[in-house]
Every structure is written in structure tokens, then in C-alpha cells.
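Quick one: the structure is below, and I'll ask about it shortly.
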Amino acid sequence: MSTPSATVVGAGVVGVCTTLWLQRAGFDVTLIDAGPVGEGASFGNAGNISPGAVVPYLIPGIWREAPGWMLNPEGPLAVRPGYFFKALPWLMGAVRSATEEAAWRTSRAMHALHSGTLDAYATLTRGTEAESLIEVSGQLYVSEKPNAAQGSELAQRMRAEAGVKAVVLDWMEIRELEPSLAPIFKSALLLPNNGRCKNPHHLVKSLAGIAERGGAQIRRGKVTGFDFDDGRVRGIVVDGKTEAVSNVIIAAGAASKSLCASLGTRVPLEAERGYHITIEDPGVTPRMPVTNTDAKFACAPMNVGLRLAGTAEFAGLDAEPNWQRTEVLKRQAQRMFPGVKLDKVTRWTGNRPSLPDGLPVLGVSPNYANAYFAFGNSHFGMSAGPVMGKVIAEIVAGRAPSIDVAPFRPARFGT
Ligand SMILES: Cc1cc2nc3c(=O)[nH]c(=O)nc-3n(C[C@H](O)[C@H](O)[C@H](O)COP(=O)(O)OP(=O)(O)OC[C@H]3O[C@@H](n4cnc5c(N)ncnc54)[C@H](O)[C@@H]3O)c2cc1C
């Protein structure tokens with residue numbers, strides 16, 4: 001019997017993990033990206049690897065806070081004025097997802113997708129240089145308000161149901177755990193079993209290296225369309241030329257929407273843009289990732305410096321960056337870490353692939369039996385990536401998926 005083959009479109013964390021799991025399932029894999037490996041959203045995220053991420057962003061109460069965030073030019077949520085009406089359907093969908101019932105469904109699906117992340121990374125990286133880039137460091141969530149960092153009562157119930165270990169800390173305990181922080185934080189939540197990636201870009205490139213050494217072909221090329229015959233995808237159009245494929249997996253992050261549309265599936269995917277600054281030689285470094293739950297950004301110790309990452313900006317996939325957002329992050333760095341040195345700062349922006357129900361799309365295309373989708377992890381792609389890859393490889397190989405994929409079905413928005 002000949003070796004089965006598959007073509008993965010998009011070399012972010014989801015695409016490279018998918019490639020590795022497909023190889024393990026016995027496939028010859030070609031991984032195609034329009035740019036260099038790992039330079040989409042996977043390049044500059046905060047690197048939080050969170051098996052305990054079970055609290056959705058879209059949760060009851062968010063819409064009481066969201067207008068205030070949007071009206072504050074330094075706030076964590078922005079919709080560009082010219083883009084408001086384009087983003088409106090997504091925003092309306094998000095409003096519908098912020099009920100308690102929907103939030104519970106999302107939470108349970110997040111648990112299924114995130115809880116095995118560290119094990120999945122361990123399987124993929126064991127014995128390679130990538131292994132040392134991930135560690136169980138714990139993550140700290142801080143607030144300047146008393147009794148706030150642990151979130152709402154609903155958030156606490158979600159963590160309890162999922163068995164996520166969470167420790168509430170007071171002012172004194174925060175000082176002891178993270179002396180680098182300014183003494184302004186009155187409450188904190190420690191998630192000791194969560195982890196971090198020391199350099200997400202380096203990790204994705206290392207994973208791609210493992211795949212290449214295992215025989216995967218990794219190529220540059222922009223996929224713009226497909227060739228069909230008899231209910232199957234026979235070819236993909238790469239840089240204007242059609243190439244034959246046996247199976248194709250769309251893992252193109254925030255750019256997946258138009259590719260899905262070409263495959264006849266409508267997904268209301270939006271680019272939810274974020275920004276980071278990375279401070280080389282900051283002078284102060286927390287020992288674990290610290291998320292500011294008031295201003296909604298993460299501070300991550302990386303092997304290239306201290307990274308502050310956050311902002312949810314709706315401006316469209318190709319809009320010019322608004323670098324004022326990174327100036328806000330610099331001010332936040334000074335507020336959180338007294339004495340931080342800002343002499344060497346680099347800045348970055350990237351598009352989170354986000355769907356209005358807060359869950360990714362994962363599964364076979366409703367229209368073509370050999371086309372598959374794996375994208376839409378919004379704020380959690382570094383955590384979900386290795387499990388997304390494992391599950392989609394199982395589906396491509398015709399095996400039963402190891403998690404319930406019903407919540408992620410591609411046709412859930414209608415086709
Ligand atoms: C500021 C910020 C902080 C974040 N922090 C965290 C965090 O701490 N923890 C966490 O879990 N997640 C975090 N995330 C989210 C995470 O980064 C994303 O969910 C994840 O990187 C998405 O990975 P992906 O592989 O789906 O997409 P991407 O990494 O964007 O990769 C998609 C790839 O597809 C390629 N592509 C697109 N179109 C085509 C085409 N037509 N043909 C060929 N190739 C194509 C692109 O070039 C790109 O390389 C953060 C995101 C941001 C922006």
C-alpha cells in the first residue's frame with residue numbers, strides 16, 4: 001500500500017503540530033506557508049501554556065465592562081472607527097456567546113482542548129532542543145483591586161469543575177512570590193500547574209525542524225484556491241500553479257476565512273489584533289508569567305527579555321498597525337515593574353484568529369471529504385496547538401478523535 005499524504009497550509013503553531021502528528025500517523029506531509037515558518041500570530045505571543053485555561057473571555061458581565069474599555073484610548077479593547085460596521089456581526093455573535101449557558105459549553109470545550117497541552121508538547125519535543133523551551137512555571141494573575149484577580153464566581157466554579165488548581169494570594173504573598181512587582185497589587189491568583197514557553201517563535205521553528213528531519217517538505221508559497229472533482233479537493237493553487245493533493249488541512253490562522261469560503265464553508269473569523277513589546281535587558285524579570293487582569297495584558301519572561309503582550313483590536317486583517325498600543329504597554333511596564341529599563345525595546349503586532357463563540361474550528365470540511373480545518377484559537381493557540389494538531393491528524397487518518405469535536409464543528413455557523 002502506498003504511503004498516504006497530506007498538505008498543511010500554514011506554518012504557525014497549529015500547522016507545525018499538525019504536520020508532526022500526521023507524520024506520526026504515517027503520512028508524507030508537505031507544509032506550505034506564504035511567509036517564513038512561525039511568523040504569524042505564533043511569533044510574538046506571550047507564550048503562556050495553559051492547561052488550566054477554562055474560563056472563556058466571553059462570559060456574562062463582559063458587556064458591562066467592554067464599552068468602558070473601548071472608550072478608554074489606553075484600554076484593552078479597540079474597534080477602529082472605520083471598521084465598526086464590518087466587525088458588528090462578529091461582536092453581535094460574541095454578545096450571544098456571553099450567556100452563562102454558552103459560557104459553560106465553551107469552558108468544557110476549552111478544557112478538552114487545553115488540559116493535555118503540556119503532555120502533547122512533551123510527546124512532540126522529547127529529546128530535542130525544543131524540549132527545554134517549555135516549562136511548568138506557574139502563572140500569576142494580579143489585580144490592583146482586592147478580591148478581584150480570581151475573577152467572577154462563575155469563573156471560579158469553572159476552574160473547580162475542571163479540577164484546575166488555583167491559589168488565591170493576598171498582598172503580602174504577592175510580594176513574597178514576585179518581589180519585582182510594584183506594591184500596587186492587592187489580589188492575585190496563582191495557577192501553579194500552568195506553564196510558559198520561553199520563546200514561541202523559536203519553539204515553532206524547532207518543531208518545524210523536527211518535522212523536516214522526519215521527512216516533511218516545508219515550502220514557501222501562497223495558497224489562493226482549490227481544484228475540485230467529484231466532491232473532493234484534487235489540487236491547491238499555490239502561487240498561481242495548481243498542485244495535486246490527497247488531503248489538505250487549512251491551518252492558516254487569521255487568514256483561513258477566505259480559504260474556507262473557497263471550500264464553500266462560511267466562518268465568521270475575525271483578526272483580533274494584539275501587540276507586544278519585548279524589553280531586552282529590562283533589569284527586572286518576574287520568575288513566571290504575570291497577567292494584569294485589570295488592564296488585560298500578560299508580562300512574560302522570555303529568553304530574549306521581558307515581553308508585555310495584549311490588546312484586542314478589530315481593524316481588519318491587513319490594516320496598518322496602531323503603534324500607540326505599544327506605547328501604552330511601555331507605560332504599563334513602568335507601572336508594574338518599578339525600575340524597569342526601557343532602553344532596548346522591540347515592538348510587534350499579530351492577528352489572533354478569533355471566532356465569536358470563543359472556540360476554534362476543528363474537523364472535516366462539510367463539503368469536501370479530504371479537506372480539513374484547524375484554526376481559530378484566538379487567545380489560546382499556543383496552548384491549544386499541539387492538541388489541535390493531534391486531533392486533526394486522528395481525523396485525517398480516519399481514527400476516532402481523542403476528544404469530543406462536536407463543539408468545534410466547522411458547519412456550526414451555517415454554510
Ligand atoms: C499579543 C498576543 C498574545 C498572545 N498570547 C498567547 C499566550 O500567551 N498563550 C496562548 O496560548 N496564545 C496566545 N496568543 C494566541 C496565539 O498566538 C494564536 O492563537 C496562535 O499563534 C495561532 O496559531 P496559528 O498557527 O493558528 O496561526 P498563525 O501563527 O498566525 O499561523 C498561520 C500561518 O498561516 C500562513 N498563511 C496564511 N494564509 C496563507 C495562505 N493563503 N497560504 C499559505 N500560508 C498562509 C501565515 O503566513 C502564518 O504563518 C496570543 C496572541 C497575540 C496576538
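The values are calculated or read from the model by the stated rules, or taken from the named source; none is laboratory data. Since the model is a prediction, treat every value here as computed from it, not as a measurement. Every residue, glycine among them, receives a Cβ derived from its backbone with ideal geometry; neighbour counts consider all protein chains shown. Surface areas here come from the heavy atoms of the whole protein model, side chains and all, with no ligands, DNA or RNA. Shrake-Rupley method; radii C 1.70, N 1.55, O 1.52, S 1.80 Å.
So, A11, is that one part of a loop (DSSP other than H, G, I, E, B), within 6 Å of the ligand (Cβ to nearest atom) and open to solvent by less than 10 Å² (accessible area, probe 1.4 Å) or not?
The answer is yes for A11.
Now for a separate question. Considering only residues that are part of a loop (DSSP other than H, G, I, E, B) and either within 18 Å of the chain's Cα centre (by Cα) or more than 6 Å from the ligand (Cβ to nearest atom) (or both), which ones fall in the stretch 14-38? Lay out the reasoning, then the answer.
The initial filter retains those residues of the stretch 14-38 that are part of a loop (DSSP other than H, G, I, E, B), namely 25-27, 34-38.
Those that are part of a loop (DSSP other than H, G, I, E, B) and either within 18 Å of the chain's Cα centre (by Cα) or more than 6 Å from the ligand (Cβ to nearest atom) (or both): A25, G26, F27, P36, V37, G38.
Still on this structure: Hey, L20 hits all of (1) more than 30 Å from R399 (Cβ to Cβ); (2) open to solvent by less than 60 Å² (accessible area, probe 1.4 Å) but one; which does it fall short on?
(1)
Exactly one of these conditions fails for P268: (1) out of contact with any strand residue (DSSP E or B) (no Cβ under 6 Å at 6 or more places or on another chain); (2) at pLDDT below 95. Give me its number.
Condition not satisfied by P268: (2).
If you don't mind, there's one more thing I want to ask. Is there a residue in the stretch 66-87 that is out of contact with any strand residue (DSSP E or B) (no Cβ under 8 Å at 6 or more places or on another chain) and buried (at least 19 other Cβ atoms within 10 Å of the Cβ)?
The answer is no; no qualifying residue exists.
Here's something else I'd like to know. Could you tell me whether the stretch 59-73 includes any residue that is free of Cβ contacts under 8 Å to residues at least 12 places away in the same chain and small (G, A, S)?
Checked the stretch 59-73: at least one residue is free of Cβ contacts under 8 Å to residues at least 12 places away in the same chain and small (G, A, S).
Looking at (1) within 9 Å of the ligand (Cβ to nearest atom); (2) open to solvent by 50 Å² or more (accessible area, probe 1.4 Å); (3) not β-branched (V, I, T), which is the one condition that is false for P366?
Here P366 clears every test but (1).
Output the residues belonging to the stretch 95-126 that are surrounded by 16 or more Cβ atoms within 10 Å (Cβ to Cβ) and among the hydroxyl-bearing types (S, T, Y).
S97, T106, S107, S115, T117, Y121, T125
What number of residues in the stretch 214-236 are part of a strand (DSSP E or B), open to solvent by less than 30 Å² (accessible area, probe 1.4 Å) and not aromatic (F, W, Y)? I'd like the intermediate steps shown before the answer.
First pass over the stretch 214-236, keeping only residues part of a strand (DSSP E or B): 217-220, 223-229, 232-236.
Cutting the leftovers down to open to solvent by less than 30 Å² (accessible area, probe 1.4 Å) gives us 223, 225-226, 233, 235-236.
After this cut, where a residue has to be not aromatic (F, W, Y) as well, the list is 223, 225, 233, 235-236.
Summing the residues that are part of a strand (DSSP E or B), open to solvent by less than 30 Å² (accessible area, probe 1.4 Å) and not aromatic (F, W, Y) in the stretch 214-236 gives 5.
Continuing with this model, one more query. Do we have any residue at all in the stretch 348-360 that's more than 13 Å from the ligand (Cβ to nearest atom) and touching a residue at least 12 places away in the same chain (Cβ under 8 Å)?
yes
Quick one: how many residues across the stretch 25-54 are open to solvent by 40 Å² or more (accessible area, probe 1.4 Å) and either farther than 28 Å from V396 by Cα or hydrophobic (A, V, I, L, M, F, W, C) (or both)?
Going through the stretch 25-54 one residue at a time, the tally reaches 2.
Only helices (runs of 4 or more DSSP H) wholly contained in the stretch 136-213 count here; list those with 1 or more residues that are buried (at least 17 other Cβ atoms within 10 Å of the Cβ) and within 16 Å of the ligand (Cβ to nearest atom).
Because the criterion is at least 1 residues that are buried (at least 17 other Cβ atoms within 10 Å of the Cβ) and within 16 Å of the ligand (Cβ to nearest atom), the helices (runs of 4 or more DSSP H) in the stretch 136-213 that meet it are 200-213.
Per-residue answers, yes or no, for (1) surrounded by fewer than 16 Cβ atoms within 10 Å (Cβ to Cβ); (2) touching a helix residue (DSSP H, G or I) at 6+ places or on another chain (Cβ under 7 Å); (3) assigned to a strand (DSSP E or B):
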| position | (1), (2), (3) |
| --- | --- |
| Y372 | no, yes, yes |
| H379 | no, no, no |
| A384 | no, yes, no |
| V387 | no, yes, no |
| V391 | no, no, no |
| I395 | no, no, no |
| D404 | yes, yes, no |
| A411 | yes, no, no |
